[in-house]
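One structure is given below, encoded as structure tokens.
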Amino acid sequence: MDIQDQDATARWEALGSRDARSRGTAMEHISQEVMRRVESIGPIPATVPSPLATAGHPTSDLNDILARLLMLSKRCPFDDVRERCVWLLQNVQDFGVRIPRPLGNGPSRFIPEKEILQVSKVDPRTQSIFEDAFAALGRLDNISLVMGFHPQYLESFLRTQHYLLQMDGPLSLHYRHYIGIMAAARHQCSYLVNLHVNDFLQVGGDSKWLNGLDGAPQKLQALGELNKILAHRPWLLTKAHIEHLLKAEEHSWSLAELIHAVVLLTHYHSLASFTFGCGITPEIHSDGGHTFRPPSLSQYCVCDIANGNGHGHLEERRGNHQVSEVSGEVEVLMERMKQLQECRDEEEASQEEMATRFEREKTESMLVATAEDEECVPSRDVSRHFEDPSYGYKDFSRRGEHVPTFRVQDYSWEDHGYSLVNRLYPDVGQLLDEKFQMAYNLTYNTMAMHKDVDTTMLRRAIWNYIHCMFGIRYDDYDYGEINQLLDRSFKVYIKTMVCSPEKTTKRMYESFWRQFQHSEKVHVNLLLMEARMQAELLYALRAITRYMT
């Protein structure tokens, strides 16, 4: 990187400073540089269409800068930077150069943008977390914005992710991002793949590796099998898979490196679930997040485009009709919770009956269909980062294969996994444990419009149902409760989001818990993500423990 590039990078980074003067100075330098580039295109007669900076032109990277300014004008947590970027983009447009506009309706296809952006305006803690995240990464990504409904969790999530990607650890920085790409690609999650392709290149990764997994070092290629099994059928993982990676002569992994890789793989498999489950859209400044084409006026009036109205009124009418249809859904669920609590107090099922109920629920969970749509064919852009695209969760259930039972009393996160991770990758066990606990215990004691509700039973049913799908059994839990608390549409959503997240649709998101708030559905998605990550980790860590003993 030459001095000029370093200066430019430093200016963009300074926009994340908490010092207003530093941000102002950086913004002034960026404004001067942008206008210098715009003016070099030359004055544009009014009769000539507004130009784009085209490839091959000396100012070919102007589009990238304008897209970044657009992102900052919408997403920077500092008012002064947002306002200055709006002003600068207007100046560029006044000079006759076409500026980009956002595509889509905010960070999520499922949740109204206004509702997401309102959170940081009313909660100082969320605003502070957003400022810290922006300072660390130079962006406030859409995942963080949606997680902002739950600031306590977001803080724990960002702290863990920062440690895994940027702090001292067994793996080099470019390896970490490449493993993130491999993991996200298993679920065709182009959002996460694109994010980490950029980060991979920024930390000095070799662009040839991005042509396909066969262009990466043998050591990373060998990780492909573990990636595949963990993502889709973790119960098939054995100590032989671990031995294969640890005893590969010059391409061997160390135990510490393997633990780091396993945590990254499970983190990004589960984060892909959250990304699809919340309908996360591309970042404004990346491909698919903006366009330089003028908006089509055939469907909207100009005032609609300016105000971002679109067809919102139609969805509102449809939404009101739905609410009237499902009135009472929450009360029914609350009544069931009350009845189950009373039954618990009156009688306790025998161990044999509890085991039978688990096996029945596990078998039934195999038969729950995921999405109704046709099979997703991964694009070449994503599938080149992994092997065997046909390998997935649904194949085994069609063939009627049996998922063996994994008893938590024999190998648990608390008693076994936590200490193994902490020993080989210090502090990470602690960070993961805090994140699991935060998602599991998070509550505001509300259910839709009802307050002072103990939701412990419901949260435990969701967590244990996900683990049940992976064959994991808690001896002290009555799996008969799951059918009482989770209806079929909710089970379809859970199964799809956890096992085949790329098939999650807006209709599925809307069809479960229709009277609940978006923030409550995001909370459900946090539970699903963390339960899935812990399930994968348990299988991987058990296999590593068996190899070690």
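Scattering from region 123-274 was approximated by placing one identical point on each alpha carbon and applying the Debye formula without solvent; log10 I(q)/I(0) at 0.19, 0.21 1/Å stands at -1.22, -1.43. Note on GLU243 and LYS219: with the Förster distance fixed at 25 Å, the Cβ-Cβ geometry gives a FRET efficiency of about 0.95. Take the Cβ-Cβ distance between GLU331 and THR363 as r, set R0 to 30 Å, and report the resulting FRET efficiency rounded to the nearest 0.05. That pair, GLU331 with THR363, gives E of 0.45.
On region 63-176, 49 percent of the accessible area sits on carbon and sulfur atoms, based on a 1.4 Å probe.
For region 425-527, the spread of Cα positions along the three principal axes, ordered from largest to smallest, is 42, 33, 28 Å. Work out the FRET efficiency for ASN211 and LYS451 from their Cβ-Cβ distance, taking R0 = 56 Å, and round it to the nearest 0.05. Approximately 0.55, to the nearest 0.05.
Across region 428-443, rounded Karplus estimates of 3J(HN,Hα) from the backbone phi angles (6.51 cos²θ - 1.76 cosθ + 1.60, θ = phi - 60°) give 6, x, 5, 4, 5, 4, 4, 5, 4, 4, 4, 5, 5, 8, 4, 7 Hz, Gly and Pro being marked x.
Can you pull out the trypsin sites (Lys or Arg not before Pro) in region 221-276 whose DSSP state is coil and whose Cβ has at most 12 other Cβ atoms within 10 Å?
Details: sites: LYS228, LYS239, LYS247; in loops: LYS247.
Sparse-neighbourhood loop trypsin sites (Lys or Arg not before Pro): LYS247.
The listed residues TRP413, TRP87, once ranked by accessible area (1.4 Å probe) with the largest placed first, stand as TRP87, TRP413. Were the residues from GLN166 through SER489 laid out at 0.36 nm apart, the gain over their Cα-Cα distance would be 112.3 nm. In plain terms, the bigger the Kirkwood radius, the slower the diffusion; for region 90-212, with that radius from Cα pairs, at 25 °C and 0.890 mPa s, Stokes-Einstein puts D at 148 µm²/s. Placing dummy labels 7 Å off each Cα toward the beta-carbon, the span from GLU342 to ALA20 is 6.0 nm.
Take region 141-293 with all the other protein chains still there, run a 1.4 Å probe, and you get 33 Å² of accessible area per residue.
Past the 18 Å Cα-Cα mark, which pairs from LYS362/LYS491; LYS114/LYS495; LYS239/LYS495; LYS219/LYS247?
Too far apart for the 18 Å limit: LYS114/LYS495; LYS239/LYS495.
These residues, LYS451, LYS521, go from largest to smallest accessible area, 1.4 Å probe, as LYS451, LYS521.
The modelled label-to-label distance for the pair ASN441/VAL122, using points 7 Å beyond Cα in the direction of Cβ, is 2.6 nm. Give me the lysines in straight-line cross-link reach of LYS451: C-alpha distance below 19 Å, same-chain residues under 8 apart excluded. Within reach: LYS338, LYS521. With each label modelled as a point 7 angstrom along the Cα→C-beta vector, the ASP64-HIS251 pair spans 3.2 nm. Can you list the residues, at least 5 places off or on another chain, whose amide H is less than 5 Å from the amide H of PHE406, using H built in the peptide plane? Long-range HN contacts for PHE406: ILE472, ARG473.
Scanning residues 5 or more positions from HIS290 or on other chains, those with amide H under 5 Å from its amide H are LEU103, with H placed 1.01 Å from N in the peptide plane.
Annotation for region 426-458: chymotrypsin sites (Phe, Trp or Tyr not before Pro) lying in DSSP loop with at most 15 further Cβ atoms inside 10 Å of their Cβ are TYR444.
The values are calculated or read from the model by the stated rules, or taken from the named source; none is laboratory data. Just so you know, these numbers come straight off a predicted model, no measurement behind them. As a convention, Cβ positions derive from the backbone with ideal geometry for all residues, glycine included, and neighbour counts pool all protein chains shown. Surface accessibility is based on the protein's heavy atoms, side chains included, excluding ligands, DNA and RNA. Shrake-Rupley method; radii C 1.70, N 1.55, O 1.52, S 1.80 Å.
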